Amino acid sequence: MATVPRTEARARERYREAFQLSLSCISNAVWQTGPNPRGDNWVLTLSEAPLRLPRRGGEPLWLEADQGFHIAPGSRASKGLKVVTDSYAYTVAEDEGLSHCLVSWHWHPASRPSTHIHFGRGPGAWDGAWESFGRYHVPSGRVLFEDVVRFLVEDLGVTARREDWSQVVEDVRQNVKQVWSWA
């Protein structure tokens, strides 16, 4: 079992490293941490936003993602620190301007407490009557970034950058579920 971080800087870095491992399955981009201008203590953002994702036999997709978090005391037994997720937004679109959004997973409890999904926002998204569907907040459970990576590769045909991508994503997913929590 990994050692429990005892400084805020190490806790932030371990969190970023886990996300970076998942991101490496689909991109060379880098997750960055910094103070969150929206009020959370910290934010994890992509070095390239939106991020271009090549697809097998198709036009590229675009990903924008961020996650707010803070550092909290761990259990008495661990005598360390833990990371707590405060918010997230993961958006997949057909264009760099994100106007043809396919799907967005959101959790921003300061303005809307429940986790939710938006489908097909913007002109051209899901032809016809589906265009207006994006304004709805479709209820969902918590969505991990690792689940988004799996969806991108398996269902939307994004090109995996590593042969072991599936195992990497699953390993990180299991670690995240065991180690981190959300507010």
Residues of the stretch 20-34 being part of a helix (DSSP H, G or I) and surrounded by fewer than 21 Cβ atoms within 10 Å (Cβ to Cβ), in sequence order, are Gln20, Leu21
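For the stretch 148-175: of the residues being over 17 Å from the mean Cα position of the chain (by Cα) and charged (D, E, K, R), which is nearest to Ala89 (Cα to Cα)?
Restricting to residues being over 17 Å from the mean Cα position of the chain (by Cα) and charged (D, E, K, R), the top hit is Arg161.
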Some residue of the stretch 39-46 being loosely packed, with under 14 Cβ neighbours inside 10 Å, among the charged types (D, E, K, R) and at pLDDT below 90: no
Candidates Gly74, Gly57, Gly68 - the one that is modelled with pLDDT under 95 and surrounded by fewer than 17 Cβ atoms within 10 Å (Cβ to Cβ): Gly57
Taking the stretch 77-103 and the residues there that are of a type in the set (A, V, I, L, M) and touching a residue at least 60 places away in the same chain (Cβ under 8 Å), the one that is surrounded by the fewest Cβ atoms within 10 Å (Cβ to Cβ) would be Val84
I need the full set of residues from the stretch 40-65 which are under 18 Å from the mean Cα position of the chain (by Cα), free of Cβ contacts under 8 Å to residues at least 24 places away in the same chain and not in a loop (DSSP other than H, G, I, E, B), in order please. Thr45, Leu46
Qualifying residue in the stretch 127-140 (condition: surrounded by 12 or more Cβ atoms within 10 Å (Cβ to Cβ), modelled with pLDDT of 85 or more and closer than 20 Å to Val158 by Cβ): no
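The values are calculated or read from the model by the stated rules, or taken from the named source; none is laboratory data. Bear in mind that the values here come from a model prediction, so they are computed numbers and not experimental data. When we count neighbours, we look across all protein chains shown, and the Cβ atoms used for this are built from the backbone with ideal geometry, even at glycine.
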